[in-house]
Each structure stands twice: as C-alpha cells, then as structure tokens.
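J.: Sharing a structure, written as structure tokens. Questions coming.
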Amino acid sequence: LSLSQALREKTVESIDAFSAQNVANVLWALATMNAEPDEEWVALLCRRASDTSEGCRGRDVANLLWGMATLGVTPSEELIGKMSAQAVQKAHTFGTKEVSCTLSALETMKVEAHPSLLEAMRRQAVYLADAMPSSGLPGCSLPEVAEDER
C-alpha cells in the first residue's frame, strides 16, 4: 500500500470529521508528493472544503488553493467564491507566503480573482512591506505608498 493510497483510504474513512485545515493539509501533501489523486477523491475533498470553508484560517486558504493549482485541479466557482471570501475576511492574518501562494494559485488555475480579494491582498502586501526592516531586502528598494493606500 503506497503512502498516497493509505492517505486516500484514511480520507474516505474520516472525511466527515475533516476540518478545513485537514482538507488543506491533504491537498498540500498530495501536491508536495506529486501524487495523482483520482477525480472521485478530489471531488470528495472539494466538497468537504466547501462545507467547512467558514472554519478556514488564512494559511488553510493558501494551502488549499496552492495544492489544487499544483495538482492541476480546477475548483468549482462555488468553492473559489467561498475561499475568496475567507481570504478577504482573514487577509490581515496572511504572511508573505500566504499572499503569494494565494495569488499564484489563482493565476495558475486561470481563475479571475474578485476585485475585493485583489484589494485585500494588495493592502496586506503593503502592510507586510511596511513592517519589513529596511535591511530586509538587500539591494531592493520598494516604491513609496501613499498613506491612504495603507
């Protein structure tokens, strides 16, 4: 029994107990292993992600979207809508990795991000850049941002 097969069996057996974080972690793990999950397994994970989306943390949104994009999965509009809403709500908790993974995943999946999501990610990126020590990026200068854009 391969690791991927064992993970599939455990997922199917326990899916009703899965949190948003559990779903995101499984998709992240599959993508990291370069696994090729079958459509039924992906559909099961996507349904559970949709059902538990309100419990998503920023990291869960980023990991879930990154995992899907890396696996070549195109999520439903409903799931993208729910994940986008959670990302907007929790944008203030995103670090640089979550911002970049979320936007990169949407681009990879050819999903047009809602303007509110793009604005939330932009604002968080500006906040993170402002919080970075000036010596944090050697040889790199960031453009000035107007106070009203922060």
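J.: Mind listing whichever residues of the stretch 37-86 are aliphatic (A, V, I, L, M) and over 22 Å from Ser116 (Cβ atoms)?
T.: The answer is Val42, Ala43, Leu44, Leu45, Leu71, Val73.
J.: If you don't mind, another one. Kindly indicate whether any position in the stretch 122-137 is over 22 Å from Asp16 (Cα atoms), without any contact (Cβ under 8 Å) to a residue 12 or more places away in the chain, surrounded by fewer than 19 Cβ atoms within 10 Å (Cβ to Cβ) and of a type in the set (S, T, N, Q).
T.: yes
J.: Then there's this: Hey, among Glu78, Glu107, which residue is over 19 Å from Glu39 (Cβ atoms) and acidic (Asp, Glu)?
T.: Being over 19 Å from Glu39 (Cβ atoms) and acidic (Asp, Glu) holds for just one of Glu78, Glu107, which is Glu107.
J.: Follow-up. Taking Asn22, is it touching a Ser or Thr at 6+ places or on another chain (Cβ under 9 Å), at positive phi and open to solvent by 10 Å² or more (accessible area, probe 1.4 Å)?
T.: On the way: touching a Ser or Thr at 6+ places or on another chain (Cβ under 9 Å): yes; at positive phi: no; open to solvent by 10 Å² or more (accessible area, probe 1.4 Å): yes.
Answer is no for this residue.
J.: Name the single residue that is nearest to the chain's Cα centre (by Cα) among those in the stretch 46-61 being among the small types (Gly, Ala, Ser) and farther than 13 Å from Val26 by Cα.
T.: Here the answer is Gly58.
J.: Still on this structure, I have one more. Given the conditions (1) crowded, with 16+ Cβ neighbours inside 10 Å; (2) over 12 Å from the mean Cα position of the chain (by Cα), which single one is not true for Glu39?
T.: (1)
J.: With the checklist (1) of a type outside the set (Phe, Trp, Tyr); (2) in contact with an Asp or Glu (Cβ under 9 Å, 6 or more places away or on another chain); (3) at pLDDT below 95; (4) open to solvent by 80 Å² or more (accessible area, probe 1.4 Å) in hand, flag the one item Ala113 doesn't pass.
T.: That leaves (4) as the condition not met.
J.: Filter the stretch 85-108 down to the residues that are open to solvent by 20 Å² or more (accessible area, probe 1.4 Å), over 16 Å from Val126 (Cβ atoms) and of a type outside the set (Asp, Glu) and list them by number.
T.: Once the filter is applied, which keeps residues that are open to solvent by 20 Å² or more (accessible area, probe 1.4 Å), over 16 Å from Val126 (Cβ atoms) and of a type outside the set (Asp, Glu), the stretch 85-108 yields Ala85, Gln89, Lys90, Lys97, Cys101, Ser104, Thr108.
J.: If you don't mind, there's one more thing I want to ask. Which of the residues that make up the stretch 9-35 are more than 17 Å from the chain's Cα centre (by Cα), more than 15 Å from Arg47 (Cβ to Cβ) and assigned to a helix (DSSP H, G or I)?
T.: Hits for the stretch 9-35 are Glu9, Lys10, Glu13.
J.: Given the conditions (1) part of a helix (DSSP H, G or I); (2) open to solvent by 80 Å² or more (accessible area, probe 1.4 Å); (3) farther than 23 Å from Arg122 by Cα, and given that Leu1 satisfies all but one, which numbered condition is not satisfied?
T.: Condition (1) is where Leu1 drops out.
The values are calculated or read from the model by the stated rules, or taken from the named source; none is laboratory data. Quick caveat, the model's predicted, so the values are computed rather than measured. FYI the Cβ positions are ideal-geometry reconstructions off the backbone, even for glycines, and counts take in every protein chain you see. Surface accessibility is based on the protein's heavy atoms, side chains included, excluding ligands, DNA and RNA. Shrake-Rupley method; radii C 1.70, N 1.55, O 1.52, S 1.80 Å.
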